[in-house]
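Following: one structure in structure tokens, then a few remarks.
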Amino acid sequence: MKLHVVTFGCQMSAADGGELAAPLLARGFRAAQAPEDADAIVLNTCTVRQHAEDKALSLIGRLRPWKEQDSGRVLIVAGCAAERLGGWIRERFPYVDLVVGAKSIDDYPRLVEEALAAKFDALAESAAAFENIPSALDPAAPIGWSSAVVAPVTIMRGCNYSCSYCIVPSVRGREVYRPYETVLAEARAKAAAGAREILLLGQTVNSWHARGEDGRERRFPELLRAVAAIDGVARVRFESPHPYFFDDALISAISGVAGAGDHVHLPVQSGSDRALTRMRRNYSSASFLSLVERIRAARPSIELSTDIIVGFPSESEDDFSRTLELAERLRPTWTYAFKYSPREGTESAAMSDDVPADVKEERLSRLNALCDRFAEDALKARIGRTVEVLDESGGYGRTRDGLRVKWGSPARPGQLTTVLATGVAKRTLLGESQ
Ligand code: SF4
């Protein structure tokens, strides 16, 4: 039996893909490279933008013939869109075997067991073969997503913020932190399985805190240092921090950690204080830039990347010009810029979506043109220099500050290698191994 996981959305969603696969892998499923080869498909959905939700729903519809060809096939829909639209999905697509929302991920293994048992009991009664599903863990089954050179470790779920445009708090719930020892155990296991870089994930990852087994409260900077000290871990990164929790203790901690001290993704969303207030981001452009200055004072060579929304309700040309000004001062190495689109159930959905589509489009292209220049400058500045690259997949990897690098042989997956940067193509450094 083969399993294919399709993930829509962010890094956290991608990390959840591993957890969603785990109970099926433990049941003996093996990874299928393509959906058409699979006996089970898990759709890990996203609802942050309408486009992501539409793509997932369209795929569920297109999977109907695949599902109907063989009654033994399993289709599971999980994640954030499943949380928001669960009842509707069950009604609209009755051939889906299991719908599990993001808030129920802790219950997911049990729900999968129940759904498989119900399905295959029913099939067994109708003379179908049950032995296709081995009940014990197959030692030959790939450990899959946990064996990557770069391994995600989710340290918290949910979000206590209420950014006015964001659906996450309503589909993922309030913050829940994984225990200190559990996070370290998972990071150690992934390092032992070959991971060299650990990516700590959470919606506001740096708000993590938890009491250890000794009763002492740990905060994120201590966790970061502890993960970096694990044998075999060469780099640690984290995504996405909230500027509000980026204090001096964290700035000091990142300074001593390879990866975390070389690149930080710091979402700003807008450079206009009026827009930031309406977005309920809990910082001003001045306090954000002051944080950037403190980080750069501690780590002058650090690269920063960011997220920006254009065309938020009532965004004026003046608001947008402040975003451009902030981008000029931030000079992000890369930028995820999006046109605002309202999400039902969020506070901003009640505001008038009054920036015309062509204005949003025009602002997005101006912002992208500016940020593309910063991205290109960062890459070109490396040409002629040697960079340390973690080989992620044989001749492809990233520098300590997160830039993509491609080079020829020799390929050494999982190894740190020195590469002379010789050129740039499609946002990637080209180089020669030294
Ligand atoms: S911090 Fe804001 S944008 Fe990020 S997940 Fe929470 S509510 Fe959404």
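The values are calculated or read from the model by the stated rules, or taken from the named source; none is laboratory data. Since this is a predicted model, take the numbers as computed values, not measurements. Please note: Cβ atoms are built from the backbone with ideal geometry, for glycine as well, and neighbour counts cover all protein chains shown. Surface accessibility is based on the protein's heavy atoms, side chains included, excluding ligands, DNA and RNA. Shrake-Rupley method; radii C 1.70, N 1.55, O 1.52, S 1.80 Å.
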How about K67: which lysines have a C-alpha closer than 21 Å to its C-alpha, ignoring those fewer than 8 places off in the same chain? K2, K55, K119
May I ask you to derive the FRET efficiency for N282 and K2 from their Cβ-Cβ distance with R0 = 51 Å, giving the value to the nearest 0.05? 0.65
Accessible area, 1.4 Å probe, largest first: how do S314, S365 sort? S365, S314
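Given only helices, namely DSSP H runs of n ≥ 4 each adding -39500 (n - 2.57), what is the per-residue ellipticity at 222 nm of the chain, to the nearest 500 deg cm²/dmol? All intermediate terms of the calculation are to be shown ahead of the outcome.
Details: 13 runs with 160 residues, N = 434.
Dividing the helical sum by the residues of the chain leaves -11500 deg cm²/dmol.
What FRET efficiency would be calculated for the residue pair E293, E222, taking the C-beta separation as r and a Förster radius of 25 Å, to the nearest 0.05? Don't skip to the answer; put the middle values down first.
Values: r = 25 Å, r/R0 = 0.99.
Efficiency at R0 = 25 Å is approximately 0.50.
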Rg and Dmax in Å for the stretch 335-383, alpha carbons only: what are they? 15.3, 49
Straight-distance crosslink candidates among lysines, where the alpha carbon sits under 17 Å from K406 and sequence neighbours closer than 8 are dropped: K380, K426
Enter the accessible area of F338 (Å², nearest 10), with the probe set to 1.4 Å and all protein chains included. 70 Å²
So what are the three principal axis dimensions of the stretch 2-125 from its Cα atoms, in whole Å, longest to shortest? 42, 27, 27
Tell me, for the chain, which Cys residues have no other cysteine's C-beta sitting closer than 4.7 Å. C10, C46, C80, C159, C371
So, for the Cα atoms of the chain, Rg and Dmax in Å stand at 22.7, 70
Rank these by accessible area, largest first, 1.4 Å probe: D214, D377, D106. D106, D214, D377
Rg and Dmax of the stretch 144-380 over Cα atoms: what are they, in angstrom? 18.6, 57
How large is the accessible surface per residue of the stretch 239-364, computed with a 1.4 Å probe and reported in Å² as a whole number? 40 Å²
Using the alpha-carbon atoms, what tilt in degrees (0 to 90, nearest 10) does helix 11-26 show relative to the longest principal axis of the chain? 20 degrees
Helix 285-298: inclination vs the chain longest Cα principal axis, degrees, rounded to 10, gives 90 degrees
Setting aside same-chain residues fewer than 8 positions from K339, which aspartates and glutamates have a Cα under 13 Å from its Cα? D307, E315, D353, D354, D358, E361, E362
Gaussian network model of the chain, springs between alpha carbon atoms under 10 Å - residue of A26, A191, A228 with greatest fluctuation: A26
Between 0 and 90 degrees, rounded to the nearest ten: what's the tilt of helix 357-380 against the longest Cα principal axis of the chain? 70 degrees
So the carbon and sulfur contribution to the accessible area of the stretch 2-125, 1.4 Å probe, in percent, is 49 percent
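Evaluate the relative contact order of the chain (contact order divided by residue number), counting alpha-carbon pairs under 8 angstrom at least 6 apart; express in whole percent.
Values: 837 pairs, mean separation 44.1, N = 434.
Contact order relative to length: 10 percent.
For C10, C163, give me the order by solvent-accessible area with a 1.4 Å probe, most accessible first, ignoring ligands, DNA and RNA.
Numbers: C10 65, C163 15 Å².
Final ranking, largest accessible area leading: C10, C163.
Within the accessible area of the stretch 234-372, what % is carbon and sulfur when the probe is 1.4 Å and the other protein chains stay in place? The partial results should precede the final answer.
On the way: 2760 of 5500 Å².
Here it works out to 50 percent.
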